[in-house]
Amino acid sequence: MTSESSVGENPTLYRKKEPRWSRRLLRWSHLIMATIPLLIFLSLFRSHLSLDKSFTSRMQSSFFKSNPAGDVLITYNDTLRRVPNGNKCFLWEENSDHWWTHHPMWQISSENGTHTCFRYVDAGSHQFLFDIYRNQFMTDCKNVMTRYMIDSGWGADWNAGIAMPIQEALRTNRTLAIRTYGGFWHYAALKPNGTNPTCPARDMTCYFLDLTKCKPTNNRSEVITNYFPVPFEYTVRNSIVYRYLTRPKQWLRREVNPIVEQMTKMLPTPCSVMHVRRADVIFHSENSRKYYPISDYMEKLPKNRRDTILLLTDDANAIKEAKEFFPDTKWVYFNRTRHQGASGGWENQIPSKSPKQEVITILATLKIVSTCDTIVYGESAFATMLVQSMEPVQKMRVDEGVPDLVSADNQDSDKKLEALLNEQRKKKIMIKNNKNVTTGRNSTVI
């Protein structure tokens, strides 16, 4: 009794009686418990740093020199290795098309001679892009809305032909599928019979990732052509939808990138873009647009943006005109086949007879324009795409304030332009004879 009470009152006496083996066991257990978190951390850190030998052997030293951010390559079997900058990269030897098709919320962040890297799109677009993807792929294909691909200019084909309809399909919970007139799209095979195709499909899938897993319906009543009025939000979101629809396949990116790199080196900054749309714009009856002289475009540009100009035009005569009347300007332009004025006739967008080459040039153009910070242009769906590719940009309209932007009176503007240029040539000769002055700078042809 006394012994028990004395133990309760004196715990020190009780601990001294604790067996030695028990005290040692207690100390070891505390040490082990303290060490476990450290071991877990070291294990995770080691696994993050380690790369298997087969993966490491494929890395090129040049890759790290050109990528100070430290992007880490991944293999196609989804051995994804995330790094702090959030990029995911593929070697060119690996096909990333399937992965990108089903990861629509990623966009290309960088490309070079060895790899392609992707990163997330802006957070504000995530949900919208996923909704489009879900509506196009996560479906049983029982409620398909079919649309005929427009065979017109690049801007019209994509904006009115697909970008607007796919938003309508999303709004009505239907899946958009595309049919082609005559079994081909004119940017994938030549009018009128679909010759010289880029690929056997002869449609947009020659160049871009699949739009949907569903097939277009054969029921004519299921085919939509137009819907009015077009909701305002469709127009606002058009540029986001266009980028989603025109995610280029890997083979196409490899064709476009060298051209962009070459032009970037050739194009000194600051520079301006001049988009001169002519060709068949005078064949639209009461909706015909005017042929404007190069001088009208130049007058719109700030004086400090007239030294170097990237000239984009479908008219070979426009290049001759620019070099003749503005020899002090450094003109940079694509060395490609063009119509001369209206010589190509109505909606003949492939003067080179190579749909593949035309598409490569278009995509390279949409990338290279971002090198410049100023653009002057007229009414054109493609010009709108150029502006969107350059944002933020200083922009001027050659047709700003023109009362008859579209008019039947513009149908003979090609002849009026030629007469105006002849008059200017006469004046130029007179000035040259009086002053006997000749100046000039070289143009750059790519």
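The values are calculated or read from the model by the stated rules, or taken from the named source; none is laboratory data. All figures in this text were calculated on a predicted structure; none of them were measured in a lab. We place every Cβ from the backbone using ideal geometry, glycine too, and count neighbours over all the protein chains shown. For accessibility, only protein heavy atoms count, side chains too; no ligands or nucleic acids. Shrake-Rupley method; radii C 1.70, N 1.55, O 1.52, S 1.80 Å.
Of note:
- Any strands (runs of 3 or more DSSP E) falling wholly within the range 85-166 and containing at least 2 residues that are at pLDDT 90 or above and within 15 Å of Leu245 (Cα to Cα): 106-111
- Once the range 170-204 is narrowed to residues that are surrounded by fewer than 16 Cβ atoms within 10 Å (Cβ to Cβ) and polar (S, T, N, Q), the residue that is farthest from the chain's Cα centre (by Cα) is Asn193.
- Within the range 135-156, considering residues that are in contact with a helix residue (DSSP H, G or I) (Cβ under 9 Å, 6 or more places away or on another chain) and open to solvent by 30 Å² or more (accessible area, probe 1.4 Å), the one nearest to Glu168 (Cα to Cα): Tyr148
- Residue count for the range 277-323 satisfying the condition of being of a type outside the set (Val, Ile, Thr), in a helix (DSSP H, G or I), in contact with a Phe, Trp or Tyr (Cβ under 8 Å, 6 or more places away or on another chain) and over 15 Å from Ile375 (Cβ atoms): 5.
- Of the residues making up the range 225-276, those that are among the hydrophobic types (A, V, I, L, M, F, W, C) and in a helix (DSSP H, G or I) number 12.
- The range 426-445 - residue that is basic (Lys, Arg) and at pLDDT below 85 and, of those, most open to solvent (accessible area, probe 1.4 Å): Lys435
- Within the range 408-437, the set of residues being out of contact with any Lys or Arg (no Cβ under 8 Å at 6 or more places or on another chain) and polar (S, T, N, Q) comprises Gln411, Asn422, Gln424, Asn433, Asn434, Asn436.
- Arg305 falls short of the stated requirement of being more than 23 Å from Leu405 (Cβ to Cβ), free of Cβ contacts under 8 Å to residues at least 40 places away in the same chain and surrounded by 14 or more Cβ atoms within 10 Å (Cβ to Cβ).
- In the set Asn348, Asn335, only one residue is within 25 Å of Ser295 (Cβ to Cβ), in a loop (DSSP other than H, G, I, E, B), out of contact with any Cys (no Cβ under 9 Å at 6 or more places or on another chain) and open to solvent by 40 Å² or more (accessible area, probe 1.4 Å); that residue is Asn335.
- Take the conditions (1) at pLDDT below 90; (2) over 22 Å from Pro258 (Cα atoms); (3) loosely packed, with under 14 Cβ neighbours inside 10 Å; Arg81 misses just one of them, which is (3).
- Pair list, Cβ under 8 Å, 6 or more apart: the range 157-172 residue in contact (Cβ under 8 Å) with a residue 60 or more places away in the chain, other residue open to solvent by less than 10 Å² (accessible area, probe 1.4 Å) and part of a loop (DSSP other than H, G, I, E, B): Ile162/Met149
- Any hit, the range 396-417, residues being under 24 Å from the mean Cα position of the chain (by Cα), open to solvent by 20 Å² or more (accessible area, probe 1.4 Å) and closer than 25 Å to Arg306 by Cα: yes
- Here Gly341 fulfils each of the conditions (1) surrounded by fewer than 18 Cβ atoms within 10 Å (Cβ to Cβ); (2) closer than 19 Å to Asp296 by Cβ apart from (1).
- Enumeration of residues in the range 84-114 that are surrounded by 14 or more Cβ atoms within 10 Å (Cβ to Cβ) and among the charged types (D, E, K, R): Lys88, Glu94, Asp97, Glu111
- If you go through the range 314-332 and keep only what is closer than 30 Å to Lys249 by Cα and either free of Cβ contacts under 8 Å to residues at least 24 places away in the same chain or open to solvent by 10 Å² or more (accessible area, probe 1.4 Å) (or both), you end up with just Asp314.
- Of the criteria (1) of a type in the set (A, V, I, L, M, F, W, C); (2) in contact (Cβ under 8 Å) with a residue 24 or more places away in the chain; (3) assigned to a helix (DSSP H, G or I); (4) surrounded by fewer than 20 Cβ atoms within 10 Å (Cβ to Cβ), which one Leu386 fails: (4)
- Neighbours by Cβ (under 6 Å, 6+ apart or cross-chain): first from the range 101-115, in contact (Cβ under 8 Å) with a residue 40 or more places away in the chain and under 13 Å from Arg254 (Cα atoms); second among the hydroxyl-bearing types (Ser, Thr, Tyr) and open to solvent by 50 Å² or more (accessible area, probe 1.4 Å): Asn112/Ser66
- Looking only at the range 157-169, residues that are within 22 Å of the chain's Cα centre (by Cα), more than 14 Å from Tyr207 (Cβ to Cβ) and open to solvent by less than 40 Å² (accessible area, probe 1.4 Å) come to 7 in all.
- Residue among Glu418, Glu423 that is closer than 19 Å to Ala316 by Cβ, at pLDDT 85 or above and in a helix (DSSP H, G or I): Glu418
- Among residues of the range 356-369 that are free of Cβ contacts under 8 Å to residues at least 40 places away in the same chain and closer than 18 Å to Arg202 by Cβ, none has a Cβ under 8 angstrom from a residue that is hydrophobic (A, V, I, L, M, F, W, C) and part of a helix (DSSP H, G or I) at a sequence gap of 6+ or on a separate chain.
- Being closer than 16 Å to Met274 by Cα and either surrounded by fewer than 19 Cβ atoms within 10 Å (Cβ to Cβ) or free of Cβ contacts under 8 Å to residues at least 40 places away in the same chain (or both) is a property that holds for Asp373.
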